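Just so you know, all these numbers are worked out from the coordinates, no wet-lab data involved. Being a predicted model, the structure only gives us computed values, none of them experimental. Every residue, glycine among them, receives a Cβ derived from its backbone with ideal geometry; neighbour counts consider all protein chains shown.
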Amino acid sequence: MRKIWGFCLIFLFLLWSGDAKAGELAKRLDSFPVWEKITSTKPAVGDLIYPDWMAGDWQLVSTLVDMVAPLAPDIITPGFEGNRQYLNQPLRFQVRFVRESTPVAGLKINSVADTKSAVVADRAFNGLNLARAYLGDTAVISVKVDPDSPNRQITFLRHERQLVSIVSARATETTSDGRFITTEVFQQLFKGGGRPYFNSVESTTAYRKLSTSNPVIEADQVTAVYLSPQDPDYFKAGSRPVALYRYRLEFLR
């Protein structure tokens, strides 16, 4: 159970458009681990569009490099201590970013002219590979994305367990040094095996294309976990995160 909760907390970066204020997301990464509240975002509408240089199939190496429980010992999320075993242990799996037609903002889709070609994540493919890399092939049955909304995704696990992830808000920015930075806020619901478990998660990731071929892209990611109103410690935590995880991501062709 703790391993599944740990997986829930790192699931976001494959799900993840409003623009953030200039430099706000970059400053947020630089201020780690001093995060006091969720950053400013806009409601998530449609899919997240990535830069063209993200397109293609990749071998992703994800490494947990730091983890902080800002409100410990008073409040520690389930699975936090168990996640220490993953510190500096690379997790490898395949991911894919594809080019597809997406609606042009402000237009109804009546023709090809009302859409544009954009790079988006293959959410079902990426989510399934991440889940199986983290939990094992036999523990994960499938990953399905809502055909009416790319912001709602369900991971089906053994023993009739499910992880439901719903993106509620986003922000993006491009920095002067060429980094593409995203942040996304979503709600997680883990069902099965007893009382349902809820939480809110914010993930901020800075991608940068390198001049090398191995890796081609690197990224710095911080995932912050906030208690949901259903948690008995919700008011004690206030707006502050109860867990912070920092990852180094490397994308290899």
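Brief remarks follow.
- Pairs of lysine residues in the range 2-252 - Cα separation under 20 Å, sequence separation of 8 or more or cross-chain: 9
- The packing ranking, built from the mean of other Cβ atoms within 10 Å per residue, places the peptides 154-163, 177-186 in the order 177-186, 154-163, highest first.
- In a fully extended conformation the segment linking Ser117 and Asp148 would gain 9.3 nm over its present Cα-Cα distance, using 0.36 nm per residue.
- Other residues with beta-carbon under 15 Å from the beta-carbon of Ser165 carry, at +1 per Lys or Arg and -1 per Asp or Glu, a net charge of +2.
- Extension gain (nm, one decimal) between Ser239 and Lys27, 0.36 nm per residue minus Cα-Cα: 74.4 nm
- Label corresponding to log10 I(q)/I(0) by the Debye sum over Cα atoms at q = 0.09, 0.13 Å⁻¹ when calculated from the structure given, among [x] -0.54, -0.88; [y] -0.43, -0.85; [z] -0.38, -0.82: [z]
- Mean Cβ count within 10 Å, highest first, over the residues of peptides 128-141, 73-86: 128-141, 73-86
- With the highest mean first, a sort of the peptides 116-125, 229-238, 33-42 on other beta-carbon atoms found within 10 angstrom per residue produces 116-125, 33-42, 229-238.
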